[in-house]
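Student: Quick one: the structure is below, and I'll ask about it shortly.
The values are calculated or read from the model by the stated rules, or taken from the named source; none is laboratory data. Model, not experiment: these values are computed from the prediction. For neighbour counting, all protein chains shown are included, and Cβ atoms are generated from backbone atoms with ideal geometry for every residue, glycine included.
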Amino acid sequence: MPGLLTTQTCTAYDIIKLALKECGALGVGQTALAEDANDAFFKLNMMIAQWQRRRWLIYHLVNIGFLSTGAQSYTVGPGGNYNVSQRPAKIESAFFRQIIPSSPNPIDYGLTMIDSWEDYSKISLKFLNSFPQFLFYDPAYPLGNLYPWPIPFANEYEVFINITDTLAQFTSLTQTFNIPGEYVAAMFYNLAKRLAPGYGLPVTQELKDNAMEGLNVLKKASGAQVPRLTQPSELIRPGIYNPYSDQIR
């Protein structure tokens, strides 16, 4: 159907042209100047780069594993041990799999994330080799560094991480979409909202509402995957002591 925006037919320029019209910078039947199109293209990619760091705007998590080598750390990113197209800003969750002794039903064990260098620095025996329990991720650039602790023995464990899928940026104005269709409206209205101030144009309440609605659709589709709330074991009371029975219930 002519004019139908789908992931196969909608290009970066389609979004830019509509956004320029929506914010009032471009009239009906007009063609965007090359400078305006290129500036809007740059802002579109900046917006996508920001969305990449928001878990609730990403539609999918990628699970990737790497066989332990006995090293203290492993790299994450393009060409790294965990070879992914972009180095992730954070690890969403992780687990490891015991592969020796071999079994048709290998057992997975969850890993507790260490959230900061400060907490990782408190570990006294950083080179301890044993059954891993924790994982610290340093989002260095261009390759992040992954520190499982205790250090898993070589060839006995496979460490898996869950990271957000890549929300690919556009490489040209004529590139077509390669993401779910619900992102079209969110990109269109939010780009128009960002373009308006550059032309000295007001951001109407209608445009604000449409931009928010576009993001809300993505939140409901992607952000509904909320992990179950857990508490540190130190905060969980084992029970109440009964002095008459000398038991904890």
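Student: Please work out which residue is surrounded by the most Cβ atoms within 10 Å (Cβ to Cβ), limiting yourself to the range 153-172 and to residues that are within 22 Å of the chain's Cα centre (by Cα), part of a loop (DSSP other than H, G, I, E, B) and among the hydroxyl-bearing types (Ser, Thr, Tyr).
Tutor: The qualifying residue surrounded by the most Cβ atoms within 10 Å (Cβ to Cβ) is THR166.
Student: Here is a further query. Just name the residue that is farthest from THR75 (Cα to Cα) out of those in the range 120-134 that are assigned to a loop (DSSP other than H, G, I, E, B) and of a type in the set (Ser, Thr, Tyr).
Tutor: Within the range 120-134, the match that is farthest from THR75 (Cα to Cα) is SER124.
Student: Of the residues TYR183, TYR189, TYR199, only one is at pLDDT 70 or above, more than 25 Å from HIS60 (Cα to Cα) and of a type in the set (Phe, Trp, Tyr); which?
Tutor: Testing whether each residue is at pLDDT 70 or above, more than 25 Å from HIS60 (Cα to Cα) and of a type in the set (Phe, Trp, Tyr) leaves just TYR199.
Student: Residue check: is PHE136 under 20 Å from the mean Cα position of the chain (by Cα) and either among the small types (Gly, Ala, Ser) or over 30 Å from ALA12 (Cβ atoms) (or both)?
Tutor: yes
Student: Please indicate, with yes or no, whether at least one residue in the range 107-114 is of a type in the set (D, E, K, R), assigned to a strand (DSSP E or B) and assigned by TED's automatic domain parsing to the domain that holds VAL84.
Tutor: Among the residues of the range 107-114, at least one is of a type in the set (D, E, K, R), assigned to a strand (DSSP E or B) and assigned by TED's automatic domain parsing to the domain that holds VAL84, which makes the answer yes.
Student: Still on this structure, please answer the following. Is there a residue in the range 85-94 that is exposed (fewer than 13 other Cβ atoms within 10 Å of the Cβ), closer than 19 Å to ALA168 by Cβ and in contact (Cβ under 8 Å) with a residue 60 or more places away in the chain?
Tutor: Yes, the range 85-94 has at least one match.
Student: Please name all residue pairs, on different chains or six or more residues apart, with Cβ atoms under 6 Å, provided the first residue is in the range 201-214 and is in the same structural domain as GLU182 (by TED's automatic domain parsing) and the second residue is assigned to a loop (DSSP other than H, G, I, E, B).
Tutor: LEU201/GLY24
Student: Another question, then. Hey, any hits in the range 46-53 for a residue that's surrounded by fewer than 14 Cβ atoms within 10 Å (Cβ to Cβ), over 17 Å from ASP165 (Cβ atoms) and outside the structural domain of GLY144 (by TED's automatic domain parsing)?
Tutor: Yes, because at least one residue in the range 46-53 is surrounded by fewer than 14 Cβ atoms within 10 Å (Cβ to Cβ), over 17 Å from ASP165 (Cβ atoms) and outside the structural domain of GLY144 (by TED's automatic domain parsing).
Student: In addition: Which condition from (1) part of a strand (DSSP E or B); (2) farther than 30 Å from ASN216 by Cα is the one that ALA94 breaks?
Tutor: Status for ALA94: all satisfied but (2).
Residue by residue, here is whether (1) assigned to a loop (DSSP other than H, G, I, E, B); (2) among the acidic types (Asp, Glu); (3) surrounded by 13 or more Cβ atoms within 10 Å (Cβ to Cβ) holds:
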{"residue": "ILE100", "(1), (2), (3)": "yes, no, no"}
{"residue": "GLU118", "(1), (2), (3)": "no, yes, no"}
{"residue": "PHE136", "(1), (2), (3)": "no, no, yes"}
{"residue": "PRO142", "(1), (2), (3)": "yes, no, no"}
{"residue": "ASN145", "(1), (2), (3)": "no, no, yes"}
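Student: Suppose we filter the range 1-55 for residues that are at pLDDT below 90 and assigned to a helix (DSSP H, G or I); how many remain?
Tutor: Total meeting the criteria: 1.
Student: Is it the case that the range 56-65 has a residue that's crowded, with 18+ Cβ neighbours inside 10 Å and either modelled with pLDDT under 95 or not in a loop (DSSP other than H, G, I, E, B) (or both)?
Tutor: yes
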